[in-house]
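Structure first, commentary second.
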Amino acid sequence: MMAKRRLSIRDEADARRAALEATRYALDAGFAEAPGRMIGTAVSELARNILKYAHAGEIRLQQVQGRKGRGIEIEARDQGPGIADTEAAMQDHFSSSGTLGLGLPGVRRMMDEFELDSTPGEGTRVTAVKWK
């Protein structure tokens with residue numbers, strides 16, 4: 001298995017680099033191109049959310065082994081304002097900042113597993129897995 005990757009997200013360049021790095025990480029792990037790009041797109045969405053709401057955070061990539069075989073887990077963390085209503089945040093077109101509101105629901109659709117944990121005033125953690 002490949003080593004974990006920790007990607008610091010502080011600006012747009014970091015977000016772009018994280019998306020490319022995630023796609024490369026998935027392809028190097030043996031994922032086909034389409035799921036590899038889904039992983040990169042998910043990381044791009046999560047990184048942009050970090051920048052928009054928390055201004056800085058981290059994305060961690062790691063290979064995992066589970067009952068469904070091999071996969072890649074993405075964990076995005078920040079210490080931003082958190083999400084007051086996580087149920088609403090997972091609905092298409094819900095946005096607290098005037099965007100299209102498709103980011104988190106889109107990530108959930110692209111990935112095989114998705115978990116959102118957020119505490120107002122403390123930050124947000126999103127964990128998602130794509131199985132090979």
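General remarks:
- Distance (nanometres) between label positions extended 7 Å along Cα→Cβ at A34 and V64: 2.3
- Nearest-ten-degree value, helix 33-49 long axis tilted from longest Cα axis of the chain: 30
- Counting only residues at least eight positions apart within a chain, or on another chain, the lysines with an alpha carbon under 20 Å from that of K130 are K4, K68.
- Our summary gives the chain a relative contact order of 25 percent, counting only alpha carbon pairs under 8 angstrom and 6 or more residues apart.
Here, each number is a calculation from the coordinates, and none is a lab measurement. Computed from a predicted structure; not experimentally measured. Neighbour counts run over all protein chains shown; Cβ positions are idealised from the backbone, glycine included.
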